[in-house]
Structure formats: structure tokens, C-alpha cells
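One structure is given below, encoded as C-alpha cells.
Any read-out appearing in this document is the output of simple, stated calculations on the displayed coordinates, not a laboratory observation. Treat the numbers as computed from the prediction; the structure is a model and nothing was measured. So basically every Cβ, Gly included, is an ideal-geometry build from the backbone, and we count neighbours across all protein chains shown.
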């Protein structure tokens, strides 16, 4: 059985927000190390991978590996019933057909305990083996900055070309009616304050769909920083780390004909 | 003209 108690429901709410538009159903793989989710979008262009460490929970118990097949739309609805600061406990039996969620709040006048149950499903999903990659460029920047760049450029065109060079990291969008490019220079003072960093072994140029990057940026509520890992001709890794775990997205590049 | 690739080309079934 699984019993996992989170100190704030807000974490799950934010994670669901960051995943539900890419994936409709997914297995939450629970084991003694924690809870993990890995799923691709329908078009097999993007993959999202979430990890919540057992140590990130107020209490965590999982006796044996348990895949919980979750409809993310249903879970989103059930989580809407929780207040952000409610203590949230997830429970499932070994048959994994029902997920129960308990929300506990202490208000000034009374203790409130709310209990919800949702049906689980069998999901037959292909698990992809993600190879370990030594990336040629690694860029860390404020997640709010990345959100703003991809949202702005998505107004102009469908794609963004990302160029990492000695100059810094440049985001370029060529739309039909307008184009734009944004350069972020390596700034000694800023990197000293650990606002961001650009590390590069060799120059990288890659093109990606902005629709997906805008979607990934929903994770900005989970972490103040985002890390972009890139090598030519391989999928981009966009990683957000937070205290209890991480969310990572992989996005296949676009290529010229 | 640019073409969107899929992840299957890069990631094997694990």
C-alpha cells in the first residue's frame, strides 16, 4: 500500500498544472524511493518526467512498487477541492483501483478534514529509456525570465531558434509578419549573485516549437530557476528543481529539410 | 521549411 503525506497540497496542484496539458493519463510509479511519473505527449514530441522524493513528504510509506494509473483531468478536479496550504495525504491499496486523498486544514474555529476518492485505471504506456547525455551547453536562468521570453516570441512565430555561443544565449523567432531576437549575455556580476550561468563546451544551435516551451514554462511556479541543457541534434532538456523533487521536460528539435 | 522530429528517434524503449 501507499501512504504519502504532503505538507501542502499546493505542490501537487502546481505539478498537475505543469503536466496536464501535455498528458491526459499517466502512471504514478510509487516505490520506496518516492513517486515518479514519466509520459510522452500524444505526438511523441515531448516527454515529461516528474520525481517526488520520499524524503520530501511529511510521512511516506510504500511497501512494494505500485503503479497508479491516473486520469490527470480527474485528479486536477479533486485537487481543486484542496486549499493550497492544506496537508494532503494520498493513499492507495495494493490492488491500486482507488486513490484516496485527504485534506486537513486547521482554521481558527475548527479542524476540517475532507476525504475524496477517485478511480484509478490500467494504463499501458511505453516507457522510453532516456540515455545519459553529456550536453554541450548548460544555461541556468530565472524561470520567470524564460517564461517571458518564450511567451513573447510565441506571439510572433511558431518556432524559436536557440543559439548558445561565447556571446551568450540568443532566442530567435522569425514570424511571417515580424521577427524578434533576445540575447542574454553572460554577466559576471549577475552570475556572482547566482542569478544565472552559461556553460558551454561548443556552440549549439537548435530549433524548437514554442507551443511546447510555453507549456513547460507553467513549471515556473515550482522553481525560481530553470536549467536548459543542449547539444546539437538531440532533444532539449528543460529542468526545474524544487525541494521535494524535480520536473524535467525533453523536447525533440525541429530540423531543416 | 523546418520539420518537427519525434523523441522515438533519440530515446530507445526502456
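Restricting to segment A:245-257, and then to whatever is buried (at least 20 other Cβ atoms within 10 Å of the Cβ) and more than 7 Å from chain B (Cβ to nearest Cβ), can you tell me which residue is farthest from residue B:1 (Cα to Cα)? So the residue we want is A:245. Scanning segment A:134-167 for residues that are over 18 Å from residue B:1 (Cα atoms) and either within 14 Å of another protein chain (Cβ to nearest Cβ) or without any contact (Cβ under 8 Å) to a residue 24 or more places away in the chain (or both) yields a count of 4. Of the strands (runs of 3 or more DSSP E) lying entirely inside segment A:3-122, those containing at least 3 residues that are farther than 19 Å from residue A:217 by Cα are A:25-31, A:34-40, A:59-62, A:66-71, A:87-92, A:98-106, A:111-119.
Of all residues in segment A:124-151, those that are over 17 Å from residue A:224 (Cα atoms) and either touching a strand residue (DSSP E or B) at 6+ places or on another chain (Cβ under 7 Å) or crowded, with 17+ Cβ neighbours inside 10 Å (or both) total 9. No other residue among A:175, A:245 is closer than 25 Å to residue A:22 by Cα and within 20 Å of the chain's Cα centre (by Cα) apart from A:245.
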